[in-house]
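First up is the structure itself, then whatever we jot down about it.
The values are calculated or read from the model by the stated rules, or taken from the named source; none is laboratory data. Not measured: the values here are computed from a predicted model. Because the Cβ atoms are built from the backbone with ideal geometry, glycine has one as well, and the counts that use them run over all protein chains shown.
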Amino acid sequence: MKTTSRAALSIALLAGFYLVAVGIVAVTIALAVQAFALGGEAVGVKLGLLAVVVGLGVGGAVWSASRAPGRDPGPDVTRADAPELWQVVDELATLAETRGPDRIELVSEVNAAVYEDARFLGLVGGPRTLLIGTPLVQGLDVAQLRSVLAHELGHYSGSHTRLAPLTYRGRLAISHTLARLDGKLSGWLLKQYAKLYMLASQGVSRSQELEADALSVRAAGRATAQSALRALPALARAHDHYENTYVRTAWELGFVPTPADYVTGFGDLLRELEPQLAELRAEPPADPTSRWDSHPSIADRIAAISVLPESDATADPRPASDLFADLPTLAAREASVWIEGTGKPTRPWPELTALVATDDLQRRADLVYRAAAHLDGTDGSGLAHVTQLVARGDGPRLVDAVAHDASEEERPEVLVDVLATLLGAAAVTAGTARWTDGFDGQDLVAADGRPFDARPAALALATAQPADAELAALGIDLAAGVQASRTADAQGADILDGLANLRVDGKDHDLLILTTGLLLKPGPKSTDHGKRRLTEWAQSAAPSQLAAEAWHVAYEDVANAEVHKMFPFRMTLSLRDGTQHELRGRVTAEMLTDDVFINLLGALGFEAADAEA
């Protein structure tokens, strides 16, 4: 089926959704009238109320979707800002035989996109905007960016963007309608119809992507178009690493980078990660496909490009940033909007990366200190206390507490690594060690710049040998190693999965599974809207803030987890403070993924085979 035919079908199905909804209301009203005529007032009243609920659900959702605000525009990239970029875009628009964008806007995402403010259901064109992600400009060369931009302008050429606003608002109205009617028979019927619409509209989107790829090849050649596609997942992973490891951690510590540093920092990280990124680009793309996806997989797109006619386009290996007169300044204008909105003080990256690295090192040290306190039954710990434990032969027990999967042969080496971590944190606290500048290339050095090597002292302490000379060489004493946090928190955590209406000690709770622990808060007895509730909770704030407002059971505080049954799920958690909690899953409970119980057991340290048993 041609793309235009499929597009017409998707629009017809969208109209049909509302006709089905109106039909349900009409049938319900007719049944209510018939019930009253036959003397069944009670049934008539219920059917009448159902008609009102369905009618209000459909009408209210359509109204709210029609008034849904669009995206907030960012700063324009004018022709004076980037004359060579605009020249490339004009050339590509001519190649695509379409009207080019009226404005270009830089965004912070690893993405490029086009949209058009079309009128009269997409029949009349409107102002066009081309969005270009700054990370793409920082990570691609000129030829690859030409390929990406040609793909986006290919959407204009095929009039793909004309119906995009209608499709978007249609999906929004359908999702709002289904949310209002969730749990009701009418909602179930409309949900089945909505699946038909989604299948048709997503199929159209996938066809449009392949059509737009053909223009990429004409503009840049097959090899360049394929290399650009291979680069996108690698850039996305690097950007996620940048945001989660550095930007978010700095934000949780109370600071944000300056707008200029936010932009240039990612470029610096790309240069440091280039060997790893080259390996990622060389790997065969393995992203899965689904009939519900709006885009074909990258593997499918690369395969489709392989059979397209080759073009005579020439390579241009210059960095894509050469197309801009001053990329950092332009991109900083866009970044300043959200950075200023945080209300947090800004710091340059050399200072922020040192703060992030110090926080990570101290957190790893605190985990050891808390484990040592548990072993000894004390309120707190420190480097001096840990060395006492090791000297009396409790090193293996300490290793078991912080590295559960270490074998007996690995324990001595792990203990040296643990003590080296504590010594490094102590040296930073004492000011006798500092961090080198950079991102992933950071290392500890002595205050005077000489290499900092804590392993000789760690080896002496691990074997209960005198370590005075080694400690003196590091410029620290045992009192410098102090515990900063007595309780684990969720700073830097990611959300792995979630389960609604988990019974904890007989009471309903909603559960989010974090990389640091379990997050629980009381939930309603009703299992309706459970997945939506979990999603809204997960998106409401950073995990560290969610943990501060709920019950965070850190994995390190779990002494034992015993699974009694997988279906229905039943487990007993024994905490280090001596308390026990019974967890029971409900058959009707909703979850974020179908593997929630497997993910829960994996997070608690169970082997995959044990979790699936």
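The one condition from (1) at pLDDT 90 or above; (2) in contact with a helix residue (DSSP H, G or I) (Cβ under 7 Å, 6 or more places away or on another chain) that T78 does not meet is (2). Scanning region 314-327 turns up at least one residue that is farther than 24 Å from A220 by Cβ and in the same structural domain as L145 (by TED's automatic domain parsing).
Scanning region 472-492 for residues that are more than 28 Å from N244 (Cα to Cα) and in a strand (DSSP E or B) yields a count of 0.
Answer with yes or no whether L444 is in the same structural domain as H385 (by TED's automatic domain parsing) and touching a Phe, Trp or Tyr at 6+ places or on another chain (Cβ under 6 Å).
Against the criterion (in the same structural domain as H385 (by TED's automatic domain parsing) and touching a Phe, Trp or Tyr at 6+ places or on another chain (Cβ under 6 Å)), L444 qualifies.
Taken together, the criteria exclude A401 from residues that are assigned by TED's automatic domain parsing to the domain that holds F439 and touching a Lys or Arg at 6+ places or on another chain (Cβ under 8 Å). For residues in region 355-379 being in contact (Cβ under 8 Å) with a residue 12 or more places away in the chain and among the β-branched types (V, I, T), which is farthest from L398 (Cα to Cα)? Ranking the candidates gives V356 first. The residues of region 472-490 that are surrounded by 13 or more Cβ atoms within 10 Å (Cβ to Cβ) and of a type outside the set (A, V, I, L, M, F, W, C), listed by number, are G475, D477, G481, Q483, S485, D489.
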